[in-house]
Amino acid sequence: MKTLRIIAVAIVGLFFQPAYSQKFIPLPHGMTFGSKPSNVEQMPASRLEAFMGKRTRTQAVIVGKVLRVTKSKGGWFDIDAGKGKIISAHFANASINLPLNLRGREVIADGTAQKQFIADDMQHFAGDTVHGKKQHQVNANPKQKLIFEVKGLMVNK
């Protein structure tokens with residue numbers, strides 16, 4: 001009877017240990033997820049919105065602090081953008097799994113930044129000309145978060 005219990009505990013330990021250890025792996029400086037981000041023209045996450053200006057999408061390499069990992073599978077997390085703003089980030093490659101202890105760490109992320117916009121009459125894909133005049137304007141919503149699609153992420157500090 002004791003051997004049956006020992007075998008059962010060993011089997012349960014084999015199934016639950018990999019899931020537990022993946023979430024709490026140590027994160028040394030330089031650990032990468034996805035492809036390695038570029039070291040050229042890095043900017044603080046707080047300057048991203050000003051860098052974008054009126055553009056709705058742009059390529060960028062940002063350095064920022066991870067506020068929280070919202071969803072480990074698929075690599076969904078939030079980055080502090082300063083002044084109470086948040087950049088909602090996720091990986092382009094959905095097979096990336098982020099550890100939960102990434103929270104509070106400084107990271108370098110390479111990817112595409114995008115502003116959400118509101119189209120007139122909620123017609124996002126409608127034709128943009130009526131009698132030769134532009135019908136739809138891209139209106140950036142200042143209360144919405146920036147979205148950042150990450151190609152590569154590296155733990156900096």
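Confirm whether ILE86 is surrounded by fewer than 17 Cβ atoms within 10 Å (Cβ to Cβ), within 15 Å of the chain's Cα centre (by Cα), among the hydrophobic types (A, V, I, L, M, F, W, C) and at pLDDT 85 or above. For ILE86, the condition - surrounded by fewer than 17 Cβ atoms within 10 Å (Cβ to Cβ), within 15 Å of the chain's Cα centre (by Cα), among the hydrophobic types (A, V, I, L, M, F, W, C) and at pLDDT 85 or above - is met. None of LYS71, LYS65, LYS143 is at pLDDT below 85 and charged (D, E, K, R) except LYS143.
The condition (being aromatic (Phe, Trp, Tyr), modelled with pLDDT under 85 and either over 19 Å from ASN156 (Cα atoms) or surrounded by 18 or more Cβ atoms within 10 Å (Cβ to Cβ) (or both)) is satisfied by just one residue among PHE91, PHE117: PHE117.
The values are calculated or read from the model by the stated rules, or taken from the named source; none is laboratory data. Here the structure is a predicted model, which is why all the values come from computation and not from measurement. Reconstructed Cβ throughout: ideal geometry from the backbone, glycine too, with neighbour counts over all protein chains shown.
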